[in-house]
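The values are calculated or read from the model by the stated rules, or taken from the named source; none is laboratory data. These figures come from a predicted structure and were not determined experimentally. With ideal geometry, Cβ positions are generated from the backbone for all residues, glycine too; neighbour counts draw on all protein chains shown.
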């Protein structure tokens with residue numbers, strides 16, 4: 001009986017520790033974050049909606065809020081990059097006691113003025 005309990009405890013600890021990581025910063029071209037009170041350039045094309053979220057009901061107790069925010073931003077940037085974008089237009093922050101969720105839109109903004 002003790003062996004079953006220690007095995008179960010080991011599995012729970014491994015699952016718990018795996019849930020305490022934050023999303024890594026994306027590699028590759030940089031993605032700019034633009035807030036909803038800023039104006040986008042006329043050379044920007046919307047590619048789709050993106051969501052950055054970090055935290056669960058279990059791990060929010062053990063991860064500092066700045067780390068949760070950075071993880072949510074990293075996820076938002078990764079999704080923007082996966083759509084071919086270089087700018088994430090941040091629309092809304094969904095308040096929660098256990099996670100940070102950012103809603104936005106992915107854009108590709110050309111630096112050329114000829115478009």
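Summary of computed values
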read-out: Test for residue 84: is it surrounded by 18 or more Cβ atoms within 10 Å (Cβ to Cβ), modelled with pLDDT of 90 or more and either in contact with a strand residue (DSSP E or B) (Cβ under 9 Å, 6 or more places away or on another chain) or not in a helix (DSSP H, G or I) (or both); value: no
read-out: Inter-residue pairs, beta-carbon under 9 Å, first more than 15 Å from residue 50 (Cβ to Cβ) and in the stretch 88-111, second at pLDDT below 85 and in a strand (DSSP E or B), 6+ apart; value: none
read-out: Qualifying positions in the stretch 25-61 - more than 20 Å from residue 95 (Cβ to Cβ), out of contact with any helix residue (DSSP H, G or I) (no Cβ under 6 Å at 6 or more places or on another chain) and surrounded by 12 or more Cβ atoms within 10 Å (Cβ to Cβ); value: 32, 34, 40, 41, 43, 44, 45, 46, 47, 48
read-out: Within the stretch 88-106, considering residues that are surrounded by fewer than 21 Cβ atoms within 10 Å (Cβ to Cβ) and in a strand (DSSP E or B), the one modelled with the highest pLDDT; value: 103
